[in-house]
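Novice: I have a structure I would like to understand better, so I am pasting it below and will then ask my questions one at a time.
Nothing in this text is a laboratory measurement; each read-out follows from the coordinates by a stated rule. All figures in this text were calculated on a predicted structure; none of them were measured in a lab. Using ideal geometry, Cβ is built from the backbone for each residue, glycine included, and neighbour counts are taken over all protein chains shown.
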Amino acid sequence: MSAILIIEQILNGLQLGVMLFLMAAGLTLIFGVMGLINLAHGSLYMVGAFAAAAVAGATGSFLLAMVAAMAAAAIAGVLIEVVVIRRLYAKDHLDQVLATFALILIFSEGVRWVFGSFPLFLDIPDYLSGPVSLPGGIQYPLYRLVLIGIGMVVGLLLWLLTQQTRLGIQIRAGENDREMIAALGVNISNLYTLVFAIGAALAGLAGALVGAIQSVQVGMGEPVLILAFVVIVIGGIGSIQGAFIGALIVGLTDTLGGVFLPQLFRLFLEPAGATSTGSALASMAIYILMGAILIWRPTGLFGQRA
Amino acid sequence: MIPERWLNLGILAALVAVPIWALVVDEPFIITLVTRAVIFALAAVGLNIALGLGGLVSLGHAVFFGIGGYAMGILAYHAQTFTPLAEWPFPIDGTKSMPVIWLVAVTTSTLAALLIGLLSLRTSGVYFIMITLAFGQMFYYFSISWAQYGGEDGLSIYVRNGFPGLNTLDPIQFFAICFALLCAVLGFNALLARSPFGLALNAARQVPHRVETMGLSPFRLKLVAFVISGAVTGLAGALFADLNRFVSPTMFSWQMSGEIIIFVILGGVARLIGPVIGAAAFVLLEHWLGGLSDYWHIYLGAILLGVVLFARGGIVGLVARAHG
Amino acid sequence: MTKVTQTLLAAACAAMVATAGLAEVKVGMITTLSGGGAGLGIDVRDGFMLAVEQSGRDDIEVVIEDDQRKPDIAVQLADKMVQSEKVDVLTGIIFSNLAMAVIPSVTAQGKFYLSPNAGPSALAGKGCHPNYFNVAWQNDNLHEAAGAYANTAGYGNSFILAPNYPAGQDALTGYKRTYQGELAGEIYTQLGQTDYAAEIAQIRASGADSVFFFLPGGMGISFLKQYADSAVGLPVVGPAFSFDQGILQAVGDAALGVVNTSQWNKDIDNPTNAAFVEAFQAKYDRLPSLYASQGFDTARLLISAMEKADVADVDAFRAALKAAEFDSTRGDFAFGLNQHPIQTIYAREVVKEGDVFTNKIIGVALENHADAYAAECKM
């Protein structure tokens, strides 16, 4: 195992981590501000990817496709917030789980109804494709470096938004005491819709960015949704900072575990058995990690409230 | 509005009447369908003990459902291939006897629930939902990689397991077994809810600090509820595997956990007959909506949404007057 | 459970009493029509129904149901087909795990099962059954062909990967059965995995001269796009599943030039195939896929048996199925002792015709190939 390979795998883990962060940021904001568990967040990711594929197919522009993805996911988000989600804030988590599970069913089959049953095509634009040479002789795909960059920038913007702007102050106040900020004259209903739209747009962006290197198909949101939940639970629900750290931990664990666990087992098992045992353990690794962290810190790494 | 007690009796009577009618008109598939509803109901009654009485939203009950299923699958697989289950410390053979399989299913799911409960109950609220989900995923991925027992392909059992004195291959007799178990568990559930334990658990859910000042530990109360709940769902898993004569990792999937929760909410949380109505309604919807369109999931989703938004207390809440 | 009961009975014949004396064949098709795997089931269904329609027969009734790719739903539907619909023949299942859940029990109940796609090894060897006919392939076949192709292409150091589940393990076993070179690496990925950056890095570092992969559905799309973008550039070979008509458009340029193995392609030169491709395009307005051809052949096999025997005479009907005297889209078609096909498997290359990505045959990978499990079948 060469140093180059290890660095390359760490970059891969980082890239998976920042993409998970785009998903997890919206999820954790929505939970932190509105107290809502949104299982349909993965559907917004899917909506973003499909919108991007449709627009890229029609116009040939990758940038327009990204804009369309964010817009489509935000519109879908606002729509479900106004029609359904708004009625769920006062209900308990159980009702929220069921209602947003129902939304997954509606979104998945709705998208299949509109776009058909076959995967769609969405590719990396020419100016971002191919590998670049990094110091040390590492060949790494440019697009993945761009993804890491976008994730970092979005993380920074979100941090500035919540810490430095008036909207951010309202959001943080809303997390702590929603009656008080309503009494201070903030239109709480509009604030909620706005936060939901931001979260949805980030999910849509993640779906479109990832869709270009994976496959744009119905049901693509669910595995990511589960991982994003793992991320926000590890990080502590409601914490943007926690989501960022959690995303990197999950991204790195998943990637490095998949590579190194089978090799580790090869030290004391015959190769075929080592490969399958190692792979099996690697696929369980992040859940074992999450269980361990919650047993150690029952409200996650940065969680404040139970 | 009708009294809840009458509703309970009416539902159970309907669950008996429909298969008998199906027997008369020779529609064995309807008996199979009702049996499926009864088994789902049993799983949901199990969850309702944790969810309704204990307030524990477990998104990982598929773990116990799957353990029950694999208990049946593994025991019957060794019996049908005439291979021993274990050589050490003493030879253990597989079995095709339902009562033995049930015992193993209940014992293993009890142990699993004890372990998972001990760890998970340190958290609460959303964290509890998510840690139970994490355990579900661990079991799911483990079963997929467990090549000895079929991995993702699962295990096929060619002949349904036996019950002394009955022909379990006859749909109506297998239905009778499942229905009798459901009634027994419902009776146990009703007793449990009224027992001192049930009352204390209810109090621990609503005002935990008061329970503590009375010298009771909310943690222990919840743990016991979680373990009983897991054991019942495990039993349902063994029956479900016998109904299909097949087990696979999908029994461990998070969608399965989600469906068991749906049965409970659809029917009515913390209502004795709620999970039974929820499971029956779900099976009925699945069967009936499936005939309408290729995109029937949209209708199912819309109906579930309607129940959450407009029917407080699920279907039972709509039609029955609360007791007491 | 989508129920599209498509009855081809003339209205006048609908009165069951009048036709009770005729041998009508009722077919139960359980296939995947919703969710992520729906494309495959839709193709099998459309291919099957095209052949039924072309036959012009009014004595076939097909009941179609959606298994949602869930084994327990498939089992329930099989019970319904047997107990309630009282079908004579079942078919349609796409995925091996569903096939394992359904086929042993329906054949044990005396029904015929004609597999249009899945061919798990357990049912080809010790678990073979006189009422089970596989019209597609045994699961290992296309992988064995890929190994054979790798030999003729002169590859001597392959890197191989597949998901960690039984069909994935079978795939690597199948490749290694025929491939004679060294292995640069062997990886099991996670089922449903969508990011292959880590695996591609390992391929780059391994010093391999070729890559073999089996990653069905969306997994294959993801792998190929990422592999092309990584510019590793080693030749790739795989079974047809990741290069099929349905998903090829979603892979795009990344698949161009890749060699894959298949028992069928739209340019196999025989009149049946030419007519099939043309009729399929005319009716459904898209190119047929591998799965559509398998559905079509399954129906053709069934119809050929109906012409020779009455379904009520089980032994005669079985013999008629086994004779397999029908014009297949693959040219010659014959069953081996375990009632799986003995067939030629081709190497094909992904090309672009106008705006559409498709395949063209470049050679034969394995001639008249039977599967490795036939000897274990005691029938």
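Novice: Taking a quarter of the surface of the convex hull around the Cα atoms of region C:126-278, what do you get in nm²? Intermediate results must be reported in sequence, preceding the final value.
Specialist: On the way: hull surface 42.3 nm².
In nm², the orientation-averaged hull projection of region C:126-278 is 10.6.
Novice: Next question. Using only alpha carbon pairs under 8 Å that are at least six residues apart, calculate the relative contact order of chain A and give it in whole percent.
Specialist: Across chain A, relative contact order equals 34 percent.
Novice: Enumerate the amide H contacts of B:I157 below 5 Å, restricted to partners 5 or more residues apart or on another chain; note that Pro and chain-start residues carry no placed amide H.
Specialist: Here the answer is B:F246, B:V247, since their amide H atoms fall under 5 Å of that of B:I157.
Novice: Under a straight-distance cross-link criterion of Cα-Cα below 27 Å, which lysines are reachable from B:K222, leaving out those fewer than 8 residues away in the same chain?
Specialist: Of all the lysines, those that pass the test against B:K222 - Cα under 27 Å, at least 8 places apart if same chain - are A:K91.
Novice: Let me ask another. Along each of the three principal axes of the Cα atoms of chain C, give the extent in whole Å, ordering the values from largest to smallest.
Specialist: 71, 47, 36
Novice: Now a separate question. Where in region B:215-324 are there chymotrypsin sites (Phe, Trp or Tyr not before Pro) that are in a DSSP coil and have at most 13 other Cβ atoms within 10 angstrom of their Cβ?
Specialist: Loop-located and lightly packed - none at all.
Novice: When the gyration tensor of region A:167-282 is built from Cα positions, what are the square roots of 5 times its three eigenvalues, in whole Å, from largest to smallest?
Specialist: Values: eigenvalues 332, 62, 17 Å².
The three semi-axes for region A:167-282 are 41, 18, 9 Å.
Novice: Hey, another quick one. Can you sort A:M220, A:M152 so the residue with the fewest Cβ neighbours within 10 Å comes first?
Specialist: Listed from fewest to most nearby Cβ atoms, that is A:M152, A:M220.
Novice: Could I ask something else about it? Order of C:F212, A:F268, C:F296, C:F335 from fewest to most other C-beta atoms within 10 Å?
Specialist: Placing the least packed residue first, the sequence is A:F268, C:F335, C:F212, C:F296.
Novice: For a quick check: sort B:T233, B:T168, B:T123 by the number of other beta carbons within 10 angstrom, fewest at the front.
Specialist: B:T168, B:T123, B:T233
Novice: How big is the gap, in Å, between the Cα center of region A:76-90 and the Cα center of region B:234-286?
Specialist: Cα centroid of region A:76-90 versus Cα centroid of region B:234-286: 28 Å apart.
Novice: Could I ask something else about it? To make sure I understand the rule: partners must be lysines, Cα under 29 Å from the Cα of C:K176, and not fewer than 8 residues away in the same chain. Which ones qualify?
Specialist: Those lysines meeting the cut-off are C:K126, C:K225, C:K266, C:K360, C:K378.
Novice: Would you mind working out the magnitude of the charge dipole of region A:8-219 relative to its Cα centre, with +1 at each Lys and Arg C-beta and -1 at each Asp and Glu C-beta, to the nearest 20 Debye?
Specialist: About 200 debye.
Novice: For region C:46-59, just list the computed ³J(HN,Hα) in residue order, Karplus coefficients 6.51, -1.76 and 1.60, θ = phi - 60°, integers in Hz, with x standing in for Gly and Pro.
Specialist: Each residue of region C:46-59 in turn: 5, x, 4, 5, 4, 5, 4, 5, 5, 5, x, 7, 10, 10 Hz.
Novice: Let me ask something else about it. If exposed means no more than 16 neighbouring beta carbons inside 10 Å and the site is in a DSSP loop, what's the longest run of chain B without any exposed trypsin sites (Lys or Arg not before Pro)? Display every interim value, and only then the final one.
Specialist: Numbers: sites that count: B:R122, B:R312.
Result for the longest clean stretch: B:123-311.
Novice: Select from region C:163-233 those GluC sites (Glu not before Pro) which occupy a DSSP coil region and have at most 13 other Cβ atoms within 10 Å, ordered by residue number.
Specialist: Within region C:163-233, no GluC sites (Glu not before Pro) qualify (loop, at most 13 other Cβ atoms within 10 Å).
Novice: For C:K111, go through the aspartates and glutamates and keep the ones whose alpha-carbon is under 16 Å away, minus same-chain ones fewer than eight residues off.
Specialist: C:E24, C:E61, C:D79, C:E85, C:D88, C:D310, C:D313, C:D315
Novice: Another question, if that's okay. Could you give the C-alpha radius of gyration of region B:1-64 expressed as a fraction of 2.2 N^0.38 Å, taking N as the number of residues it contains?
Specialist: Here the answer is 1.42, to two decimals.
Novice: When the helices in chain C are scored as -39500 (n - 2.57) per DSSP H run of 4 or longer and the sum is shared across all residues, what 222 nm value do you end up with, to the nearest 500 deg cm²/dmol?
Specialist: -11500 deg cm²/dmol
Novice: Then there's this: Once you've got the GNM for chain B with C-alpha springs shorter than 10 Å, pick whichever of B:G52, B:G68, B:G290 has the biggest mean-square fluctuation.
Specialist: B:G290
Novice: Now for a different question. Region B:81-227: D in µm²/s via Stokes-Einstein (Kirkwood Rh, Cα pairs, 4 °C, 1.567 mPa s)?
Specialist: Numbers: Rh = 19.0 Å.
Stokes-Einstein gives a translational diffusion coefficient of 68 µm²/s.
Novice: With θ taken as phi - 60° and the coefficients 6.51, -1.76 and 1.60, list the Karplus ³J(HN,Hα) couplings across region B:5-10 in order, rounded to whole Hz; mark glycine and proline as x.
Specialist: 4, 5, 4, 4, 5, x
Novice: Check which residues have an amide H placed less than 5 Å from C:T189's amide H, if you skip close sequence neighbours.
Specialist: HN-HN under 5 Å from C:T189: C:A162, C:N164.
Novice: Once amide H atoms are built 1.01 Å from N in the peptide plane, which residues 5 or more positions from C:S210, or in another chain, come under 5 Å H to H?
Specialist: Those qualifying (amide H under 5 Å, at least 5 residues apart or on another chain) are C:N157, C:F159.
Novice: Using the crude model of +1 on Lys and Arg Cβ and -1 on Asp and Glu Cβ, and no other charge, please compute the dipole size for region B:2-321 relative to its Cα centre, in debye to 20. Can you show the working numbers first?
Specialist: Numbers: 14 positive and 13 negative charges, 239 e Å.
With Lys and Arg at +1 and Asp and Glu at -1, about 1140 debye.
Novice: Please list, in order along region A:64-77, the HN-Hα scalar couplings obtained from phi with the Karplus expression 6.51 cos²θ - 1.76 cosθ + 1.60 (θ = phi - 60°), rounded to whole Hz, x for Gly and Pro.
Specialist: 4, 4, 5, 4, 4, 4, 5, 5, 5, 5, 5, 5, 4, x
Novice: Using only the Cα atoms of the protein assembly as shown, what are the Rg and Dmax in Å?
Specialist: Using the Cα atoms of the protein assembly as shown, the pair Rg, Dmax is 28.2, 86 Å.
Novice: Expressed as a rounded percentage, what relative contact order does region B:222-318 have, with Cα pairs under 8 Å and six or more residues apart?
Specialist: 24 percent
Novice: Still on this model: Treating only the Cα positions of region C:249-379 as identical point scatterers, give the base-10 log of I(q)/I(0) from the Debye formula at each q in 0.11, 0.21 Å⁻¹.
Specialist: -0.48, -1.28
Novice: Also, I was wondering about something else. Please report the relative contact order for chain B, taking Cα pairs under 8 Å with a sequence separation of at least 6, and give it as a percent rounded to a whole number. Walk me through the numbers on the way to the answer.
Specialist: Numbers: 527 pairs, mean separation 110.8, N = 324.
Averaging sequence separation for qualifying contacts and normalising by length gives 34 percent for chain B.
Novice: To continue, here is another question. Got a sec? Charge dipole of the protein assembly as shown, +1 on Cβ for Lys and Arg, -1 for Asp and Glu; which of B:G150, C:T189, A:Y192 is way out at the positive end?
Specialist: Farthest towards the positive pole: A:Y192.
Novice: Based only on the alpha carbon positions, what is the Kirkwood hydrodynamic radius of chain B, in angstrom?
Specialist: Over chain B, the inverse of the mean reciprocal pair distance is 20.2 Å.
Novice: Regarding region C:187-227, what is the average projected area of its C-alpha convex hull, in nm²?
Specialist: Working: hull surface 10.9 nm².
Mean orientational projected area (region C:187-227, Cα hull): 2.7 nm².
Novice: From the square roots a ≥ b ≥ c of the eigenvalues of the alpha-carbon gyration tensor of region A:8-219, which class results: rounded (a/c under 1.5), prolate (a/b over b/c), or oblate?
Specialist: Numbers: a/c = 2.24, a/b = 1.42, b/c = 1.57.
Taking the square roots of the gyration eigenvalues as a ≥ b ≥ c, region A:8-219 is oblate.
Novice: From the helices alone, meaning DSSP H stretches of at least four residues, give me the mean residue ellipticity at 222 nm for chain B, per-run term -39500 (n - 2.57), in deg cm²/dmol to the nearest 500.
Specialist: -23500 deg cm²/dmol
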